[in-house]
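Step one of this worksheet: look at the structure below.
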Amino acid sequence: MVCIKIYYLFLNIDKVIEVNGLNNAQVDHLKNKLQKQRSLLSTMIDASSASDVDFATLAGEVHDKADESVADLFGDTQIASRHRAISELTAIDEALLRIKNKSYGRCIDCNDEIAYSRLEAYPVAKRCIRCKEIFERNHESLAHVPSL
Ligand SMILES: [Zn+2]
């Protein structure tokens, strides 16, 4: 009898701490994932900043146009990947903030719960799969509008 009571007590606690369909353990797991990604990205960004010196040396040593364009491309790629890393870092910080203010796991467009499987695969997700598809379709159609 006591066991059953305790069991129900735990069951109730589980219900209370569930936020947006996620229990505490799931939120902790996703938070850890985000923090690991965050530190990895920070290391990558630091490393790419440090290698700027090497790039300047490389750019200074190019002699013909072909070498120059390779150096440009190398520089562009490096800048592009750093930009990508910084925007990913921003997305992670936003997700961590949503965890803090308890809005994590809820779609920013339709306010539905985001499936745990989606968050597990993509912890920075701020839209449910349906709204993400609508969002991407709208953006894709905009991207294909001729500029003239
Ligand atoms: Zn949605």
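Restricting attention to region 102-128, the residues that are part of a helix (DSSP H, G or I) and not aliphatic (A, V, I, L, M) total 4. Could you please let me know if residue 131 is at pLDDT 95 or above, part of a loop (DSSP other than H, G, I, E, B), near the ligand (Cβ under 10 Å from one of its atoms) and farther than 27 Å from residue 40 by Cβ? Here the answer is no, as residue 131 does not meet what is asked.
Just one residue in the set 78, 35 is modelled with pLDDT of 95 or more, within 20 Å of the chain's Cα centre (by Cα) and away from the ligand (no atom under 16 Å from the Cβ); that residue is 35. Going residue by residue through region 80-95, is there one that turns out to be loosely packed, with under 14 Cβ neighbours inside 10 Å and in a loop (DSSP other than H, G, I, E, B)? No, that holds for no residue. Restricting to region 104-124, name every residue that is within 13 Å of the ligand (Cβ to nearest atom), surrounded by 14 or more Cβ atoms within 10 Å (Cβ to Cβ) and either without any contact (Cβ under 8 Å) to a residue 12 or more places away in the chain or among the hydroxyl-bearing types (Ser, Thr, Tyr) (or both). Across region 104-124, the qualifying residue is only 118.
The values are calculated or read from the model by the stated rules, or taken from the named source; none is laboratory data. Everything numeric in this text was worked out from a predicted model, so none of it was measured. So basically every Cβ, Gly included, is an ideal-geometry build from the backbone, and we count neighbours across all protein chains shown.
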